[in-house]
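See structure below.
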């Protein structure tokens, strides 16, 4: 890959229906957004960390922990229905138009998956750089149960999601009867900027898998409480890095 510049985007819109003010909610004394920013800043392979937000307050917090905020995201790209592609394309087009700069890779660091190891980000970036045939990389963890064992309700009756499976009551078979299934977890997702701008997609069909441990994702106040409890029992290296970054400001 000729262009080795790597942009990390931390997407952090102001609105959140599940947890109002989620991105500024404190985790171990620091705003949730800080963890994504600092993880990106501590990864040597990442050239720049930019917060894409529609909120001046979130932009200020992002800068406090070391991110750049060269623009505010337009309101129409910060709704709860706006796709990830929209803010990635906006950032790439703005940077190329205003600065004449286009990175080779774009790393998405969602604040809702706060506890990352910068070294794992480095490993993911190098994996995609080494595999030139891959259009992107996505992180995921192994599911304990296959989606084939899940049920849906149709006409007030349970039924399986895979009606074409010829095996009777296939959803009662042992999990070993099904292929391994993986849950995308937002730990690190990477796309190629040229592919995004030319194909109008983030990932394409050649997604390189990057398997991680199960990673805590924040979607509710209960998730915050459980993660605080976990950190009380066993801390995470990134917590110290975030505190150190804040103390240097």
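A short reminder: the numbers here are calculations on the coordinates, not readings from a lab. Remember, it's a predicted structure, so these values are computed and weren't measured experimentally. Using ideal geometry, Cβ is built from the backbone for each residue, glycine included, and neighbour counts are taken over all protein chains shown.
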- Expressed as an acute angle from 0 to 90° and rounded to the nearest 10, what is the orientation of the C-alpha long axis of helix 32-41 relative to the principal long axis of the chain? 70 degrees
- Item | Packing rank of 164-171, 207-214, where each peptide gets the mean count of other beta carbons within 10 Å, highest leading | 207-214, 164-171
- Length gained if residue 226 through residue 161 is fully extended, taking 0.36 nm per residue and subtracting the Cα-Cα distance, is 20.3 nm
- Match the structure shown to one of the listed values [x] 2.40; [y] 1.24; [z] 1.09 of Cα Rg over 2.2 N^0.38 Å, computed from it, and give that label. [z]
- Honestly region 1-86 on the Cα gyration tensor test (a ≥ b ≥ c root eigenvalues; a/c under 1.5 rounded, otherwise a/b vs b/c for prolate or oblate) is just oblate
- Note on the structure: Taking Cα pairs closer than 8 Å and at least 6 residues apart, the relative contact order of the chain in percent is 25 percent
- Using R₀ = 41 Å, calculate the FRET efficiency as 1/(1 + (r/R₀)^6) where r is the Cβ-Cβ separation of residue 180 and residue 98; round to 0.05. 0.40
- Message: If I fit a long axis through the Cα atoms of helix 221-233 and take the longest principal axis of the Cα atoms of the chain, what angle between them do I get, 0 to 90°, rounded to 10?
- Response: 80 degrees
- Item | Theoretical ellipticity at 222 nm over the chain - DSSP helices of four or more residues, -39500 (n - 2.57) apiece, nearest 500 | -9500 deg cm²/dmol
- Task: Rounded to the nearest Å, what's the spacing between the alpha carbon centres of region 72-121 and region 35-54? Just the number, please.
- Result: 10 Å
